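Below is one structure, written out as structure tokens; comments come after it.
The values are calculated or read from the model by the stated rules, or taken from the named source; none is laboratory data. As the structure is a prediction and not an experimental result, all values here were calculated from the model. Ideal geometry is used to build each Cβ from the backbone, glycine not excepted, and the neighbour counts take in all protein chains shown. Heavy atoms of the whole protein, side chains included, go into the accessibility calculation; ligands, DNA and RNA do not. Shrake-Rupley method; radii C 1.70, N 1.55, O 1.52, S 1.80 Å.
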Amino acid sequence: MTHVLQLPKADGSLGPYTLSGRQAWSAPREPRFNRIAYSAAHVVADARAANDPWLDCAIDWDTTIAYRRRLWSMGLGVAEAMDTAQRGMGLDWAASLELIRRSLEAARDMPGARIASGCGTDHLSLDAVRSVDDVIRAYEEQMAAIERLGGRLIVMASRALARVAKGPADYERVYDRVLRQAREPVILHWLGDMFDPALAGYWGSADIDTAMETALGVIAAHADRVDGIKISLLDKDREIAMRRRLPAGVRMYTGDDFNYAELIAGDGVGQAPTHKHSDALLGIFDAIAPAASAALSALASGDKAGFREILAPTVPLSRHIFRAPTRFYKTGVVFMAWLNGHQDHFVMVGGQQSTRSLPHLAELLRLADAAGLIEQPDLAAYRMKALLALHGIGP
């Protein structure tokens, strides 16, 4: 069936768009990767909850966990309770810990399921934080809670630390205490202020190169306690430069949702195997999971051309989803899940479905179609028409 939609443009005018009807990418039945790839997964809100969405967090647990099972079945790991799940942006620590608990339990039934969980300080009231000791205690509390459940840690960047730290020495002190206590090697997390303005000046400097020196120093001092570092600076050259300076065996997990394809493919330059390419911990993998699985499998089989062919069309989509204000990218991720039938509504924790405009979502549909990511065209057309009607467009 041919589907013609009247979609809004950036200037507010309407124009016809015909869904291509092309077959969507599907993950291999038995995916095999030569990269570690985590998808930072979103949560599905409970649209029927009788709550105040701006104030209260209600999650549809069954659909949320089902989505994680889908990612694992495609060979992707799950980076749990991260910013893609609206951590600190609607999802509080109590809900985050429950999400981690349920995901760890679900992973036990999935052979080979990879999961790492966000450990932060977001249960602190920023106005009540007075010192780095408060930050250390907060990290320790979340570390203990996650490790009691058997979880591995992603040590998330801390808004509280960015608020009270006086300089690099405070970061070194906090991370020294945290890393010495971790049961297993952790993934560190450096999120740029385009994702979270409260993290400006992280590692003790507004200058990125100076901040990077501090981060590299922390990693070098604790190389046996660090599995890798995820950086989301949207700056591929700095990521590559940092990757080549990591201790051998410490991985660079790209969080660059603009340049992930070439960073994962790698350049073959570096003294250690882990210097030659980036592994992945990406929010966009939530939205493009079938294509990501197919592309990573092609790369592992030596088909670099196939890898590029699959992922290249997803990059314009990702750049659109993550366009400034980048912190609103989660709306596009959830919109994709709704269009493709992985949840039955377009409602988000905190009411954040309202953070992007209808023209933005219309362009997202066009780009997803071009990238082979519309899994059920009939359903996508039906749901897009319903959204258009809600905005006064249609019969």
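Would you work out which of Ala312, His275, Ser297 lies farthest towards the positive end of the dipole of the range 266-315, given +1 charges on the beta-carbon of Lys and Arg and -1 on that of Asp and Glu, about the Cα centre? Working it through, the farthest residue towards the positive pole turns out to be His275. Between the Cα long axis of helix 61-73 and the first principal axis of the chain there is an angle of about 80°, rounded to the nearest 10.
Phe33 contributes an accessible area of around 50 Å² to the protein surface, as traced by a 1.4 Å probe with all chains present. Placing a label point 7 Å from the Cα of Asp303 along the Cα-to-Cβ direction, the residues of the range 247-291 with a backbone N closer than 18 Å are 265, 289-291.
Within the chain, antiparallel bridges make up roughly 20 percent of the DSSP beta bridges whose residues both belong there. For the pair Arg173 and Ala324, a Förster radius of 45 Å applied to the C-beta separation gives a FRET efficiency near 0.85, rounded to the nearest 0.05. Specify whether the C-alpha gyration tensor of the range 204-340 places it in the rounded, prolate or oblate class, a ≥ b ≥ c being the square roots of the eigenvalues: rounded for a/c under 1.5, otherwise prolate if a/b is larger than b/c and oblate if not. In terms of gyration-tensor shape, oblate.
Computed about the Cα centre, the dipole magnitude for the chain is approximately 640 debye when only Lys and Arg (+1) and Asp and Glu (-1) carry charge, each at its Cβ. Ligands, DNA and RNA aside, Cys57 has an accessible area near 50 Å² when probed at 1.4 Å. Roughly speaking, what is the centre-to-centre gap between the range 1-68 and the range 184-235 when only Cα atoms are used, to the nearest Å? Using only Cα atoms, the two centres lie 29 Å from each other. For the chain, the longest principal axis of the Cα atoms and the long axis of helix 208-221 meet at an angle of about 60 degrees. Computed per residue of the chain from DSSP H runs no shorter than four, each worth -39500 (n - 2.57), the mean residue ellipticity at 222 nm is -12500 deg cm²/dmol. Taking a ≥ b ≥ c as the square roots of the eigenvalues of the alpha-carbon gyration tensor, the range 1-131 is classed oblate because a/c is 1.5 or more while a/b is no larger than b/c.
The range 84-119 and the range 329-392 have Cα centres spaced 24 Å apart.
Look at the alpha carbon pairs under 8 Å that are at least 6 residues apart: their mean separation over the length of the chain gives a relative contact order of 21 percent.
In terms of its C-alpha gyration tensor, the range 124-246 comes out oblate, because a/c is 1.5 or above while a/b does not outweigh b/c.
Candidates Thr18, Trp93, Leu7 compared by Cα position along the dipole of the range 1-120: farthest toward the positive end lies Thr18, with charges placed on Cβ.
When the solvent-accessible area of the range 40-156 is split by element, carbon and sulfur atoms take up 48 percent of it, the probe being 1.4 Å.
Charge dipole (Cα centre; +1 on Lys/Arg Cβ, -1 on Asp/Glu Cβ; no other charges) of the range 274-359 amounts to roughly 340 debye.
Label-to-label distance for His345 and Leu149 is 2.4 nm, based on points extended 7 Å past Cα in the beta-carbon direction.
Under 13 Å from a label point set 7 Å out along the Cα-to-Cβ vector of Asp237, the amide N atoms of the range 190-223 belong to 209. Ligands, DNA and RNA aside, Lys304 has an accessible area near 120 Å² when probed at 1.4 Å. Summed over the residues of the range 287-352 and divided among them, the accessible surface reaches 30 Å² per residue at a probe radius of 1.4 Å.
Helix 377-390 axis versus longest C-alpha principal axis of the chain: approximately 90°, rounded to the nearest ten. This model, with +1 at the C-beta of Lys and Arg and -1 at the C-beta of Asp and Glu, gives the range 1-132 a dipole about its Cα centre of some 780 debye.
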